[in-house]
1. Accessible area of the chain with a 1.4 Å probe: how many percent of it is carbon plus sulfur?
2. How big, in percent, is the set of alpha carbon pairs in the stretch 1-149 lying more than 21 Å apart?
3. Per residue of the stretch 253-266, what does 6.51 cos²θ - 1.76 cosθ + 1.60 with θ = phi - 60° give for ³J(HN,Hα)? Whole Hz please, x for Gly and Pro, Karplus curve as stated.
4. At what distance in angstrom do the alpha carbon centres of the stretch 272-317 and the stretch 211-246 lie from each other?
5. Under Stokes-Einstein, with the Kirkwood radius over Cα pairs standing in for Rh, what whole-number D in µm²/s applies to the chain at 25 °C and 0.890 mPa s?
6. Per residue, how large is the accessible surface of the stretch 227-411? Use a 1.4 angstrom probe and give square angstrom.
7. Keeping every protein chain present and rolling a 1.4 Å probe, give me the accessible area per residue for the stretch 67-168 in Å².
8. Are there chymotrypsin sites (Phe, Trp or Tyr not before Pro) in the stretch 16-105 that DSSP marks as loop and that have at most 15 other Cβ atoms within 10 Å, and which are they?
Amino acid sequence: MRVTTNVGVGGLSPRALDETARCPSSALSSLADWQEDARPAAFPFRPIVRHYQAVGRGQVDAELVKALRVLAEEGRPRRGRGGRAADGLILSSWLPCTFDQEDGDYDSYGAILLLHRVAETTPGGPDAGLDLQQVALLADLLAFEAAAAAGRGRRSRQEVRVRACLRALARAGELAPGAAGVTARFPAAPAADRAGELARLALDAVPPAVRLAAEITLLPMTPLHDEVMFIRSIQVFELVYRQVARRLERAVAALAGGDAAAATAEVRDATARVAATGSLYRVLTTMPKESFAVIRSSTDGRSAIQSRAYREVERLSAPLPTEQLPMELLRLDERPRPGRSLQEEYLATGGGPPLDGLAAAMAGLDKAWQAMKRTHWGIALKIIGRVPGTGGSSGADYLREAAERPLFPALSPGGKHA
Ligand code: HEM
């Protein structure tokens, strides 16, 4: 497998060339200094994260990994004196991602729990927090890609990546409408040579904890440039899944309370978010096959097939067709199974004309979700062909079958209420 030693798309991350960061001494000494008073708010994330990003999680200094593990096992972050509870929460959610080299999973790879926790405790509430976090992640990615593009031609792979990231951030208002306070400040048609400025504008406008979460949740396994984009893609999609699940949960509750109009509005909101994921896929398609082959070999056992939020969307829509799913590969949420799914609640009402609007909205969500799955399948086929997935499934064939499964089988063509 050949990966060039160039920097940028298809090569190394510029951070891999930072000799100071490659050496663990700054990370180790900052950590030792911090241990003196151990306030979570003063934790030296930056030098530690820089070292992880420069060498990749797989090659991080063993002494540093051990020190971080001890810290987590002693439970010090939660007990830290003074400061805000949020600082302890951020640190205690982040530490497990730093020593998961042997037994990590999808959640620890993408620091998914940390992102959810920060977003859901943001002033303004979880809906806004999750959207602001998406904007921060996209802005951080754009800043990273724009910095690597300096001096490249317009047709270079790096420039194509920058334009895809720029478009994704510029259209974040559709993906994350709850972050309108930030996205409304974006220029109507931002130019590619001002990409770095747009990213900075967005990062400066999000709450500090959201910005910090974006910064510290980038812990790649390798020093490859493309893995940064891959992690950011996973993280943003994950927050989209969470937002869709939240809306489905509220739609079920609204319908159970007899408010079909509110349920319909929630489903429509979810649909618009899913439909807006096209710009994220345009970023993902800039992944070179050779880079992904290396990333893939370093991320075995860390597949998004384990995504809890994704499975929650399916379970809140209709009971899971367990006979069609590889249950041993899936991570179902630890929480007890949610009550009725939206399909069950809909069927319990008996359907009929008063619920036609809701039925149409559910069909719209199903269509958008299936289109999203088909796009994912097409991209996976193009990038990895027919090899098995990192989650243990058959790979593209599994995805093709999954893409054909409707969210609301009873309402889809051939279903008993179609
Ligand atoms: C280079 C890009 C990607 C490739 C080649 C790829 C490939 C795959 C494969 C082969 C699977 C099957 C499960 C397995 O055995 O691992 C899978 C599942 C999945 N992937 Fe990706 N993936 C990519 C990017 C992403 C991204 C960015 C996300 C966003 C979170 C994502 C979300 C998912 C989800 C949710 C599943 C489970 C689908 C289901 O069970 O119905 N994938 N992916």
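1. Carbon and sulfur atoms account for 53 percent of the accessible area of the chain.
2. Details: 5762 of 11026 pairs.
Value for the stretch 1-149: 52 percent of Cα pairs lie more than 21 Å apart.
3. Using θ = phi - 60°, the values come out as 5, 5, 5, 4, x, x, 9, 5, 5, 5, 4, 4, 4, 5 Hz.
4. 10 Å
5. For these conditions, the coefficient is 110 µm²/s.
6. The answer is 39 Å² per residue.
7. Numbers: 4190 Å² over 102 residues.
For the stretch 67-168, the per-residue accessible area is 41 Å².
8. Values: sites: W34, F45, Y52, W94, F99; in loops: none.
Loop-located and lightly packed - none at all.
The values are calculated or read from the model by the stated rules, or taken from the named source; none is laboratory data. These figures come from a predicted structure and were not determined experimentally. Note that we place each Cβ from the backbone using ideal geometry, even for glycine, and neighbour counts take in every protein chain shown. Just the protein is used for accessible areas: all its heavy atoms, side chains included, with ligands, DNA and RNA removed. Shrake-Rupley method; radii C 1.70, N 1.55, O 1.52, S 1.80 Å.
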